[in-house]
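In what follows, a structure is listed as structure tokens, so that the remarks can point back to it.
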Amino acid sequence: MDLILFGPPGAGKGTQSKFLQETLKIPQISTGDMMRAERKSGSDLGQRFDSFMSKGLLVPDDLVIELLEKRLHQDDAKGGAIFDGYPRTVPQAKALDAVLEKSGRRIGKVLSLEVPEGSIVDRISGRRTCLDCGQAYHVRYNPPPPSGRCGSCNGERVVQRSDDTEETVRTRHAAYLKDTLPILAHYGQFPGVVVAIDGMGEVDAVTKRLLGAVGLDAAGS
Ligand code: AMP
């Protein structure tokens, strides 16, 4: 099964895809997490990513598509994946469709997490992210463990992401409206693929809605 978790920055894509990958037994592929890892390595490529990410701008398609294609060729992604934060432009969506098609796959569902614009800044300003595994928390709705360490990987660095400032969030939201939203029309050509999901409420409740949309309950059956 290949799924896209779609939605604006702060919709909960990262949080939800980490839960979904456990139940669905397919990996989350987050281009944002992959770019942060590359940036952390200090490589030239990581510095190129950073020059866009730190301003809230989209990284150019050719760089992102190359990164994605390499990831898709790894063994764990051969039976399907949950795409989180990819595609972010229509050319990225078309590139994904083309790579999947080569192995007889296609996007089964685009789960579009809907959250009112007014709650996005609140969600992002309260967001804390584990720099080691990418697990997302929110200071009020889904707080990190009292130890301050990550509940998933026990990493020590659960922090506010450097691009989660109000100004950068505004730039990221503008990029979402201009470049990313048209992806829904692209997948809208295929009947039943795009499913709108209410992204508000408890994390568990949203997970249940997402699993329901792919025909499963919380136990994965
Ligand atoms: P995310 O972790 O998905 O919120 O992504 C953080 C930042 O990484 C974005 O604001 C972009 O600068 C960059 N990024 C992540 N995924 C993509 C993508 N598919 N296309 C372009 N830029 C991306």
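Quick notes on this one:
- Computed extension length for residue 122-residue 57: 21.4 nm, one decimal, from 0.36 nm per residue of separation with the Cα-Cα distance subtracted.
- Ranking of 38, 22 by count of other Cβ atoms within 10 Å, fewest first: 22, 38
- If you sort the three axes of the alpha carbon gyration tensor as a ≥ b ≥ c, you get a/c under 1.5 for the chain, which makes it rounded.
- When the Cα convex hull of region 48-99 is projected onto planes of every orientation, the mean area is 3.8 nm².
- For the chain, built as a Gaussian network whose Cα springs stay under 10 Å, the top-fluctuating residue of 140, 48, 106: 140
- Electrostatic dipole magnitude of the chain [Cβ: Lys, Arg +1; Asp, Glu -1; Cα centre; debye, to 20]: 120 debye
- Tensor-based shape of region 101-167 (alpha-carbon gyration tensor, a/c under 1.5 rounded, otherwise prolate or oblate): oblate
- Checking the cross-link pairs 94/178; 109/178; 70/94; 40/109; 55/208 against a 27 Å limit on the alpha carbon distance flags 40/109; 55/208 as lying beyond it.
- Calculated FRET efficiency for the pair residue 221/residue 78, C-beta based, R₀ 25 Å, to 0.05: 0.65
- Options 118, 32, 144, ranked by Cα towards positive dipole end of the chain, top entry (Cβ charges): 144
- When the square roots of the Cα gyration tensor eigenvalues are ordered a ≥ b ≥ c, the ratio a/c for region 1-89 is 1.5 or more and a/b exceeds b/c, which makes its shape prolate.
- Calculated FRET value between residue 202 and residue 159, using beta carbons and R₀ = 22 Å, to 0.05: 0.35
- Computing FRET efficiency as 1/(1 + (r/R0)^6) for residue 195 and residue 44, where r is the C-beta to C-beta distance and R0 is 35 Å, gives about 0.30.
- The distance separating the Cα centre of region 154-221 from that of region 22-91 comes to 16 Å.
- For the chain, relative contact order (Cα pairs under 8 Å, six or more residues apart, normalised by length) works out to 29 percent.
Any read-out appearing in this document is the output of simple, stated calculations on the displayed coordinates, not a laboratory observation. No experiment lies behind these values; they were computed from the predicted model shown. Counting neighbours? That spans all protein chains shown, and the Cβs are built from the backbone with ideal geometry, glycine included.
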